[in-house]
1. How large is the helix-only mean residue ellipticity at 222 nm for the chain, computed as the sum of -39500 (n - 2.57) over DSSP H runs with n ≥ 4, divided by its residue count, in deg cm²/dmol to the nearest 500?
2. Give me 477, 322, 110 ranked fewest to most by other Cβ atoms within 10 Å of their Cβ, as a rough exposure proxy.
3. Among 509, 400, 312, which comes first, then next, by fewest other beta-carbon atoms within 10 Å?
4. When only Cα pairs under 8 Å and 6 or more residues apart are kept, what is the percent relative contact order across the chain?
5. What is the extension gain from residue 270 to residue 452, computed as 0.36 nm multiplied by their sequence separation minus the C-alpha to C-alpha distance, in nm to one decimal?
6. Pop the C-beta distance of residue 370 and residue 135 into the FRET formula with R0 = 45 Å and round what comes out to the nearest 0.05.
7. Note down the nm distance, to one decimal, between modelled labels 7 Å out along Cα→Cβ at residue 178 and at residue 490.
8. For a footprinting-style exposure proxy, rank 240, 134, 79 by other Cβ within 10 Å, fewest first.
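FYI, it's all coordinate maths here, none of it is from the lab. No experiment lies behind these values; they were computed from the predicted model shown. Quick reminder, even Gly has a Cβ in these numbers, built from the backbone with ideal geometry, and neighbours come from all protein chains shown.
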Amino acid sequence: MAQNGGQLQVRRELEELSLLYEISRTLDNSLDLRDVVGPVLKAMADRMGMLNGTLTLLNREKDEIIIETAYGLSASQQKRGRYKPGEGVTGMVVKTGEPAVVPRISKEPLFLNRTGARKRLRKSEISFICVPIKLGTEVIGTLSADRLFKDDIAFEEDVRLLSIITSMIAQAVQLRRAAQEERERLLAENVRLQEELKDRFRPANIIGKSNAMQKVYDLIAIVCRSGATVLIRGESGVGKELVAQSIHYNSPRAGKPFIKVNCASLPESVIESELFGHEKGSFTGAIAQRKGRFELAHGGTIFLDEVGDLSHATQIKLLRVLQEREFERVGGTETIKTDVRIIAATNRDLEVLTAEKGFRQDLYYRLNVFPVFVPPLRERKTDIPLLADFFVERYSEANHKSIRRISTPAIDMLMAYHWPGNVRELENCIERAVLLSNDDVIHGHHLPPTLQTAEASGTGLAGTLDATLDNVEREMLLESLKSARGNKAKAARALGLTERIMGLRVRKHGIDPRRFRGRA
């Protein structure tokens, strides 16, 4: 008998080890706990004679215990299995952190049978074992099992085995939490590094934070580290040269020369000599050998501005440089190798020029390796105040003035204008306004007539005294509200008005004080 008992004990221990090994392998199969708990419960049912198995988790935000996964329960039964901590046997296990054994659920008033899963069986025949799942001292849920009641069942063995399994589940949860936290940390770090890259490649020489300009910065960030040929497109005055400088000075060639050539400003008779150099005596006036721009740019970058204005003869020679990276000086026979990056720019429609045979198609494709389009100022109006402030500071310092701010009507005029000359035109307007200002403020009347509106200039249709007074009143209201940051009471005191009169005047002119809140 003793020998048979020993054999049974060994068999139970082997079955237990086999079950634990299977559960361990199952838990390693996926980082998602929901994918592995179902097979774990099924293994318990197959090897422990379990009728039903349930894993619950505590939702601390809702202070509710819910069934995460179950074996032997339908979806509707699982949905009904919800408890508050301290409610029913499951709730007491979560609240106390101690396992619970109910030999016969029919004799336990705490057992609620909320899922209704035991109706098909005689309750007097069902035993219920529930153990807590803990992370350290924190109870995060429970693991429970139903089994048929027998007088010879050693419940302490069931509790011990379920406790081992819950420990394994808790470790799996902890590992998954750590993996999730690490993943979230890496994602956050990735976002931070991307933001740093955006700041890194937001060139200091270009003003603007609009979405349109951010796309330009992103393209600069991509292309600057390569040696690809870049073609910068955009209207006159948008700052194509600044983009070219940003690409060069953020590239590995930053320590080498950045040579500029304005192809439109050089006569056809000298453009070839300027680009490729000449030998002494090669033409009248060539009294000495001269290096061209490509030689001077060796190891660095050459910027060909207004490349669409090159003659056909020069286009052919430029194409050879792009293809072969070599050229000869005018009047020379020596072939000169060049290591130079080419950045070209134009405000012309090269596609139309190519179709009209005004620009070589093969040269167009050689230049258009990495196009960058710089948007016109009218498409990035949120950058206008930033640019205006920058130019005010620059020309105030250059002219030994102390311009403190731009008046609200003047800002409104700047924002309303369509800027056909783009940033260059805005710069000229601000320079003029700085020179005209005599009270440390740029007002609307300091701006050029092309920016003036009837309301701002007091030149309405009637041109009456009332219209002029209304314009002055509106400008004073705007200035006071701006100084008071939208506080009508403070603005009224500054103007010597009552709050009621201030409110009437604000409504009369259709002014929204909220627009000034948070503005300096």
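1. Theoretical 222 nm ellipticity from helices: -15000 deg cm²/dmol.
2. Placing the least packed residue first, the sequence is 110, 322, 477.
3. 400, 312, 509
4. That works out to 9 percent.
5. Residue separation times 0.36 nm, minus the Cα-Cα distance, leaves 61.2 nm.
6. 0.30
7. 5.4
8. 79, 134, 240
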